[in-house]
Amino acid sequence: MKAVVTVEQGAEPEVTEVPVPQPGAGEVLVKVQASSVNGFDLSVAGGHVVGMMEHRFPVVLGKDFAGTVETVGEGVTRFTAGNKVFGVVTKAYLGDGGFGEYVTVPEAIGIAKLPEGVEPAVAGAVGLAGTAALDALDAAAPQSGETVLIIGATGGVGSIATQLAAASGAKVIATAKPGEESEFVRSLGAHEVVDHDGDVPAQVREVSSAGVDVIVHLAGDPSALAGLLSEKGRIASTMGFGADQHPAATFIMANPTPATLDRLAGEVAAGRITVPIKRSYPLTEVADAFADFAGGTLGKISITVA
């Protein structure tokens, strides 16, 4: 099968032919139609995860996937051939990934059925980012009438978190540059926008003199922002900022359980969450997609596999 891989430590990602993986006990073989670029993919490609996770070369890149179940391994009960599915490749090692024509994933985590009406391109772009956004909002639990500051609102996670926070009834302050970025986050439900290149705390105080009740930290250094928190304020961070750094902070590691993925699918199918895909690349142009992502983009970058 065709896949985007790193063949050894330090090697640049390349498109090559590798054997079709076979599902083991408890695993599902998915014929992949779509995936998307996440920051984790660039970290793996850049060698930044070496020593943190086992690498089984050639490592097929890509965390997200959407497609159709081809076959299942021994003991699988939730899925059968022909099921439309999506999710996040969640294994204890790096080796299998969504940037290939087929991928094996465990039945127990990282995979869910795709509702009717949800396109594979959308499903292939929502798994990891949507899970991180849901987990962050669940941890911070904004209430109607509270104020939520989302740092990094223009990216994949931030664009979904903005929608979820707005749907909770909270007042949402999003970081974005003036112009296209600002218009983008407002279209997702942000009530106020502050320029992340400026003095963010000062700008936030201008639009919310009492500060904020929740900070969703997806980019940059949050230390200077903690002073904006109300008495019962909370921080949910996907960037390693947790209780050791601040008593009100929770470090979020996206956990794509079946229940979480089912929730995501339901929100997308009902139209309550939009997955903003701004650009799409074929599998053979993943290197260009990585460069695009690294340069900063609005929403998600999708990968068309088949």
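The values are calculated or read from the model by the stated rules, or taken from the named source; none is laboratory data. These numbers were taken from a predicted model, which means no experiment stands behind them. Ideal geometry is used to build each Cβ from the backbone, glycine not excepted, and the neighbour counts take in all protein chains shown. SASA here: full protein model, heavy atoms, side chains in, ligands and nucleic acids out. Shrake-Rupley method; radii C 1.70, N 1.55, O 1.52, S 1.80 Å.
For the reader, a short list of remarks on this structure follows.
- The sum of -39500 (n - 2.57) across all DSSP H runs of n ≥ 4, divided by the residue count of the chain, sets its helix-only mean residue ellipticity at 222 nm to -7500 deg cm²/dmol.
- Segment 163-306: Cα Rg divided by the 2.2 N^0.38 Å rule of thumb: 1.16
- Over segment 1-123, relative contact order from alpha-carbon pairs under 8 Å, at least 6 apart, %: 32 percent
- Diffusion of the chain by Stokes-Einstein, at 10 °C in a medium of 1.306 mPa s and with Rh set to the Kirkwood radius over alpha-carbon pairs, works out to 81 µm²/s.
- Label-to-label distance, nm, for residues given as THR80 and GLU183 (7 Å Cα→Cβ offset): 4.9 nm
- Segment 1-71, relative contact order in percent, only Cα pairs under 8 angstrom and at least six apart counted: 43 percent
- Among the listed pairs LYS63/LYS84; LYS63/LYS177; LYS63/LYS278; LYS177/LYS232, those beyond 24 Å (Cα-Cα): LYS63/LYS177; LYS177/LYS232
- Shape metrics for segment 266-306, restricted to C-alpha atoms - Rg then Dmax, Å: 12.1, 34
- Candidates VAL49, VAL105, VAL212: whichever shows maximal mean-square fluctuation once the chain is modelled as a Gaussian network with Cα springs under 10 Å: VAL49
- Two-site label geometry, SER209 and MET53: point separation in nm, points 7 Å out along Cα→Cβ: 4.8 nm
- Put simply, when 94-104, 21-31 are sorted by average Cβ atoms within 10 angstrom per residue, most first, you get 94-104, 21-31.
- The alpha carbons of segment 136-183 occupy a box of 29, 19, 14 Å along the principal axes, longest dimension given first.
- Global geometry of segment 73-199, whether rounded, prolate or oblate, following the gyration tensor of its Cα atoms and the 1.5 cut on a/c: prolate
- Computed lengthening from ALA224 to VAL15, 0.36 nm per intervening residue step minus Cα-Cα distance: 71.0 nm
- Alpha-carbon centroid distance for the pair segment 61-76 / segment 227-306, whole angstrom: 21 Å
- Calculated from the alpha-carbon coordinates, segment 1-63 shows an Rg and a Dmax of 12.3, 32 Å respectively.
- Additional length obtainable on full extension of the chain from ALA108 to ASP138, 0.36 nm per residue less Cα span: 8.7 nm
- Rough spin-label spacing in nm, given labels placed 7 Å along Cα→Cβ, for ALA291 and ASP262: 4.4 nm
- Most simply put, the chain has about 50% antiparallel DSSP beta bridges, counting only bridges with both residues inside it.
- Rounded if a/c under 1.5, otherwise prolate or oblate - segment 48-140, Cα gyration tensor axes: oblate
- In Å, descending, principal axis extents of the Cα set of segment 1-116: 39, 24, 24
- Surface per residue (accessible, 1.4 Å probe) for the chain, Å²: 42 Å²
- Rounded, prolate or oblate (a/c below 1.5 giving rounded, otherwise prolate when a/b exceeds b/c) for segment 158-233 by Cα gyration tensor: oblate
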